[in-house]
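Some notes on the structure that comes next.
The values are calculated or read from the model by the stated rules, or taken from the named source; none is laboratory data. None of these values were measured; they are calculated from a predicted model. Note that each Cβ is placed from the backbone with ideal geometry, even for glycine, and that neighbours are counted across all protein chains shown. Surface areas here come from the heavy atoms of the whole protein model, side chains and all, with no ligands, DNA or RNA. Shrake-Rupley method; radii C 1.70, N 1.55, O 1.52, S 1.80 Å.
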Amino acid sequence: MSYGFKGRVLRSSAVLALASALATPVMAEEIFYVSGAVGNAVENFKTLVKPWEEATGNTVTLVPMPASTSDQFGQYRLWLAAGATDIDLYQTDVIWAPQLADHFVDLSEAAKDLAPQHFPSIIQSQTVNGKLVALPIFTDAPALYYRKDLLDKYGVAVPTTWDELTAAAQKIQDGERAAGNADFWGYVWQGNAYEGLTCNALEWIKSFGGGQIVEPDGTISVNNPNAVKALETAKGWVGTISPEGVLAYQEEEARGLWQTGNAAFMRNWPYAYGLGNGDDSAVKGKFAVATLPKGTADDTSAATLGGWNVAVSKYSKHQDIAISLALYLAGPEAQKQRAIAETNLPTIVALYDDADIAAAAPIIPQWKEVFLNAVPRPSAPTLGKYNEVSSKFWSAVHETLSGNGSAADNLEVLESDLTELKGSAW
Ligand code: GLC
């Protein structure tokens with residue numbers, strides 16, 4: 001018997017030899033995975049991918065990016081537009097799926113057994129016109145980190161409104177400074193002009209009843225009195241309970257100050273929980289987390305929905321191997337490892353009942369309801385224009401916080417800029 005193969009006729013023995021050669025990888029491949037990272041993510045990545053490397057014989061090289069998601073996005077966009085073949089997988093922010101969808105492989109078929117194990121809303125966020133653009137590896141929703149010991153020392157309750165937070169932070173800061181610590185601050189957060197400020201400011205505005213910048217139906221809602229109030233409140237923190245330098249802080253700068261023990265409160269994502277309890281942390285065992293404060297007692301606390309995913313490049317020369325790695329990273333084994341080593345919130349439902357995770361990272365089961373109720377940024381309604389919407393928004397906020405124009409004036413200008421950007425439709 002003979003079989004046609006690429007225009008040649010092979011005898012059956014030759015076909016068997018070919019089949020067995022294909023079954024055992026003849027050559028191990030080096031796979032390139034590009035990712036930004038905070039905390040111990042780069043260090044942990046090696047441990048994380050080891051079981052996959054051992055099982056498949058391939059190796060993974062991490063190409064590290066700047067920590068800022070906005071900087072990563074800029075670089076990814078250049079590589080993808082150029083059809084770069086040397087990067088196989090991209091770690092992608094939850095907000096990017098609609099903008100980068102065309103460059104990634106559809107993972108729906110490959111992930112047909114895995115996807116149903118994830119929270120449906122997260123799979124949905126990575127699905128663009130029926131194409132599963134990326135697989136979730138962890139989700140994110142921020143917390144208000146507070147120093148239990150200092151709240152006790154000053155007889156202060158965990159704040160539930162931004163005014164309570166302001167008063168509590170001021171009281172503790174005054175006390176600690178009077179006791180001789182001139183470097184002590186009340187509240188640290190992310191005020192740099194980048195995507196992280198969009199997250200912080202969306203939380204202030206939404207929790208003052210001021211909407212979500214652009215509503216799910218595409219309406220531009222950001223210019224309203226509650227949003228003005230929210231931004232003016234935050235502006236009042238700069239140079240009082242927060243250092244002037246907060247206007248240049250991203251996640252890691254806030255965590256750095258917090259972990260030296262020089263802040264009463266911090267806004268940050270769950271990754272800071274495990275690191276804060278590390279042996280080299282001055283706040284180990286001294287802090288707890290609560291939901292972020294709200295505008296008034298009648299408002300609702302708001303947490304921005306974050307999270308990271310893995311996408312396979314359409315331009316990769318090793319797509320099948322890359323898909324296998326993506327399935328591994330989004331699967332239960334890797335997500336559990338990441339939950340324990342990095343306190344990242346899993347996207348696999350069952351892991352919220354995992355006893356090892358609950359013991360190592362109590363914030364994880366505690367945070368399930370918070371991320372399930374988190375507020376998405378308007379990346380779905382604004383489609384390919386989200387990055388521009390966000391950068392116009394964070395710029396207007398940054399100007400306001402820096403004292404360049406009032407919140408009312410800056411939001412009015414922002415509204416007209418966004419209207420122009422939208423044109424007749426997003
Ligand atoms: C976190 C979130 C991500 C967000 C970023 C902003 O990494 O997971 O979604 O865009 O912070 O700095």
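Calculate the spin-label point distance for THR260 paired with THR59, positioning each point 7 Å from the Cα along the beta-carbon direction, and give it in nanometres.
So the label points at THR59 and THR260 sit 3.9 nm apart.
When the Cα centres of segment 335-409 and segment 142-200 are compared, how far apart do they sit, in Å?
Centre-to-centre distance over Cα atoms comes out at 20 Å.
Calculated FRET efficiency, SER416 and ASP86, Cβ-Cβ r, R0 25 Å, to nearest 0.05?
E between SER416 and ASP86, to the nearest 0.05, is 0.05.
For the pair ALA290 and SER121, how long in nm is the line joining their label points, each one 7 Å along Cα→Cβ?
About 2.3 nm separates the two model spin labels.
Mind jotting down the distance between the C-alpha centroids of segment 67-98 and segment 251-289, whole Å?
Taking the Cα centre of each part, segment 251-289 and segment 67-98 sit 29 Å apart.
Among LYS368, LYS50, LYS229, which one moves the most in a GNM of the chain with springs linking Cα atoms closer than 10 Å?
Among LYS368, LYS50, LYS229, the largest GNM mean-square fluctuation belongs to LYS50.
Tally the DSSP beta bridges in the chain and give the antiparallel ones as a percent, rounded to 5.
Roughly 65 percent of the beta bridges in the chain run antiparallel, per DSSP.
Ordering ASP299, ASP417, ASP280 by accessible area with a probe of 1.4 Å, largest first, what comes out?
Largest accessible area first, the list is ASP280, ASP417, ASP299.
Give me the one-decimal nm value for the distance between modelled label points at ALA358 and GLU164, 7 Å along each residue's Cα-to-Cβ direction.
2.7 nm
Select from LEU78, LEU89, LEU165 the residue whose mean-square fluctuation is largest in a Gaussian network model of the chain (Cα-Cα springs shorter than 10 Å).
Ranking LEU78, LEU89, LEU165 by mean-square fluctuation puts LEU78 first.
Looking at the chain as a GNM with Cα springs under 10 Å, which of ALA115, ALA82, ALA407 has the largest mean-square fluctuation?
ALA82
Report, by chain and number, residues whose modeled amide H sits under 5 Å from the one on ILE137, excluding near sequence neighbours (fewer than 5 apart, same chain).
Sorted by chain and number, the residues that satisfy this are TRP308, ASN309, VAL310.
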